Amino acid sequence: MLLENKVAIVTGASRGIGRSIALLFSKEGAKISAIARTEQDLKNLKDEIESTGGKCLIFKGDVSDENDVKKSVEKTIQEFGKIDILVNNAGFGIYKPVVELTTEEFDKMVAVNFRGVFLFTKYVLPHMMRQNSGVIINISSIAGTLGVRNMAVYAATKWAVNGFTESIMHEVREYNIRVASLCPGSVDTNFSNVAGSNPPTKDKVLKPEDVAQTALLIATLPERAMLSHLILRPTNPR
Ligand code: NAP
């Protein structure tokens, strides 16, 4: 198993890409600490992981709430003793022309998609620095590499994540900590089922499992090698 004895925090693990990453990392031997707001979905994930002999700690919380983040990191350390991998995955998008987007919607997207990444990174890094190893994978988006009509603020949060990721990478590589932004194109999850989105044909886009497999690759390279920025596209989406 590729992640035997590793401990991974996965945010937004209740469904979609985060859930796939949690399941694959657990299958490869990692102990999972899962955070999201929907308790029942987290319980279902825990049951599924434990039914195959894995270990899963769940934490109902909001990634934009500093107290929730602090507590979930502390709980992970209490339960598992260390953190080897952090996957900052929780995120969402609201698709509207910018003149129609409310200030509250702006604040919420920035809080979840960017502040959440900052908070988890801030509270997990001291543990990784002490260990002198670690992997942080930020699930960004291809929208964080280009401009997208009706997604200006969502795209901007992902540009922010990419800038933050690359800067942090330079800050902590001397501790053997690898930091990566993984930028998928369209993935078949609930994410695209929101008003205003125009997803390509469902059966041609990426599956959450494809993103999980890429995250596993990032987490399992030899420690001297680091994938720091990756765009994952559907091969033939339309
Ligand atoms: P999804 O199916 O809607 O899942 C989003 C996950 O994030 C859920 O587990 C949700 O759980 C969690 N979440 C949302 N807000 C949260 C908050 N405030 N605190 C804690 N957890 C929160 O969407 P997905 O497609 O898997 O998206 C995962 C990531 O991939 C996002 O960052 C998204 O921007 C990125 N992405 C998606 C696509 C795509 O086409 N699907 C493409 C590129 C990038 P709760 O609701 O239970 O809290």
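Some values worked out for this structure:
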item: q = 0.24 Å⁻¹, region 1-42: log10 I(q)/I(0) [Debye, one scatterer per Cα]; result: -0.70
item: Under 5 Å, built H, 5+ apart or other chain: amide partners of Ser33; result: Ala8, Ile9, Val10, Leu57
item: Cα gyration tensor shape of the chain, rounded if a/c is under 1.5, else prolate or oblate by comparing a/b with b/c; result: rounded
item: Residues whose placed amide H lies under 5 Å from that of Asp188, excluding near-sequence neighbours; result: Leu206, Lys207
item: Probe 1.4 Å, accessible area per residue of the chain, Å²; result: 48
item: Qualifying aspartates and glutamates (Cα of each under 19 Å from Cα of Lys60; at least 8 residues distant if same chain); result: Glu39, Asp41, Asp47, Glu48, Glu50, Asp68, Glu74, Glu79
item: Inter-part distance where region 161-195 and region 218-233 are each reduced to a Cα centre, Å; result: 11
item: The chain, relative contact order [Cα under 8 Å, separation at least 6], %; result: 19
item: Listed residue (Thr157, Val7, Val73) projecting farthest to the positive dipole end of region 7-229, Cβ model; result: Val7
item: J(HN,Hα) series, region 222-237, from Karplus relation 6.51 cos²θ - 1.76 cosθ + 1.60, nearest Hz, glycine and proline x; result: x, 4, 6, 10, 9, 8, 9, 7, 9, 9, 10, 10, x, 5, 9, x
item: Note, ³J(HN,Hα) from phi for region 41-54, Karplus 6.51, -1.76, 1.60, rounded to Hz, x at Gly and Pro; result: 5, 5, 5, 4, 4, 4, 4, 5, 5, 6, 5, 10, x, x
item: Region 138-230 shape via C-alpha gyration tensor axes, a/c threshold 1.5; result: oblate
item: Across Lys6/Lys70; Lys43/Lys204; Lys158/Lys207; Lys31/Lys71, pairs whose alpha-carbon gap is larger than 23 Å; result: Lys43/Lys204
item: Cleavage-rule hits, GluC sites (Glu not before Pro), region 1-69, DSSP coil, Cβ neighbours within 10 Å at most 10; result: Glu4
item: For region 162-176, Karplus couplings with θ = phi - 60° (6.51, -1.76, 1.60), whole Hz, Gly/Pro x; result: 5, x, 5, 4, 5, 5, 4, 3, 5, 5, 10, 5, 5, 9, 6
item: Built amide H within the under 5 Å cut-off of Ile136, gap 5+; result: Leu86, Arg178, Val179, Ala180
item: Alpha-carbon centroids, region 93-144 and region 40-74: separation in whole Å; result: 18
item: Portion, in percent, of the accessible area of the chain that falls on carbon or sulfur, probe 1.4 Å; result: 50
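The values are calculated or read from the model by the stated rules, or taken from the named source; none is laboratory data. The model shown is predicted, which means the values in this text are computed figures rather than measured ones. No Cβ is skipped: glycine too gets one built from the backbone with ideal geometry, and neighbour counts run over all protein chains shown. With ligands, DNA and RNA removed, areas are computed over all heavy atoms of the protein, side chains included. Shrake-Rupley method; radii C 1.70, N 1.55, O 1.52, S 1.80 Å.
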